[in-house]
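Each remark here refers to the structure printed beneath this line.
Derivation of every value follows stated rules applied to the coordinates shown; laboratory data play no part. None of these values were measured; they are calculated from a predicted model. Quick reminder, even Gly has a Cβ in these numbers, built from the backbone with ideal geometry, and neighbours come from all protein chains shown.
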Amino acid sequence: MLQLERQKLILEYLKQNRKATTNELSEMLGVSTTTIRTDLNQMDKEKLLTKTHGGALYHDNSADNKELTGKAYFFHERALENKKEKEAIAACASFWMPAPLPIHLA
């Protein structure tokens, strides 16, 4: 597969999923993680995506997300993941904690 074809597929995947790890992309495209990292570095320099530790984020140029850095956007996405599980953990923990102590789950 040519580099240009691979990068096009990476962008399409990121557009649909908003984020991806190097391992996900490597398995999906049948190439090494080193090849994926090389592609992500080049695409990050061209501002086609935002490279993160271990993966990449879709570079969203919409007005809603222009002020967000990749790191802030990634945290926002992650904070919403597993919400029910986090609430269940908090409920269990609150049973064992004395009354006014706050519990923070990130």
Label-point gap, in nm, between residue 45 and residue 16 - each point 7 angstrom along Cα→Cβ: 2.9
Gain on full stretching of the segment that runs from residue 83 to residue 24 - 0.36 nm per residue minus C-alpha separation: 18.9 nm
Cβ-derived FRET efficiency at R0 22 Å, residue 53 paired with residue 96, nearest 0.05: 0.05
Burial ordering of 36, 89, 10, fewest other beta-carbon atoms within 10 Å first: 89, 10, 36
Cross-link pairs 51/84; 19/51; 8/47 - those with Cα-Cα distance over 21 Å: 51/84
